[in-house]
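Every read-out reported here was derived from the displayed coordinates using simple, explicitly stated rules and does not represent laboratory data. The structure displayed is predicted, hence computed values, not measured ones. All Cβ positions, glycine included, derive from the backbone under ideal geometry; neighbour counts span all protein chains shown.
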Amino acid sequence: MNINNGSMMEVALRALEERGGAMSFTELWSIVKETLEITPEEEKDRIGYFYTDLSLSGDVVVSDNNTWDLSKRHVYKPNVDTNVIYDEIEQEKDSEDADEKKESEEYDAATEGTLSTERDDNPSEDEEDELFSE
C-alpha cells in the first residue's frame, strides 16, 4: 500500500473537491482503494473504518439517496418555526401566572377571613379525636 497519498478521508475529500459534486459511497470507496492501493485482503478490514470516518466527519454530509458531498456546499435550514415555540412558552407562562394569581387571591381571602370553607373551623371533640388519633 502506498501511504504517501494520504489517509482515506484525505483522498475522499480531495475526490469530492475535484468532482465538484456529490458521489456515491461506492464511487468514493473505489477512488480510495485505487489511490491508496488497498489490496482485496485489506479492503475487508478498511471499508468499515472508511464508512465510519465518513459518517462521523463534519466535512461531509450524506443525502437521502446515499450520496456524499462536502458539507461546505450545503446549507442547513432548520424546519422549525420559532414563533410556535415562543407562543407555547408564553402560554405556559400565562397559565403559571394565572395559577399563582389564583393561589394569591385564595391566600388573601383566607387571611382576611372571606374564604368560605365547607366545615366549621371549630371541630367538635369527636373530630379532634379523629384528627389526632391517626
At what distance in nm do the modelled label points of TYR76 and ASP53 sit from each other, each positioned 7 Å from its Cα along Cα→Cβ?
2.3
Apply the Karplus curve 6.51 cos²θ - 1.76 cosθ + 1.60, θ = phi - 60°, to the phi angles in the stretch 32-42 and return the couplings in whole Hz, x for Gly and Pro.
4, 4, 5, 5, 8, 6, 7, 7, x, 5, 6
If we count other beta carbons within 10 Å of each Cβ, what is the order of TYR51, TYR76, fewest first?
TYR76, TYR51
For LYS72, which lysines qualify as cross-link partners when the Cα separation must be under 28 Å and same-chain residues fewer than eight apart are set aside?
LYS33
Each label sits 7 Å from Cα toward the beta-carbon; between ASN65 and ARG14 the label points are separated, in nm, by 2.8
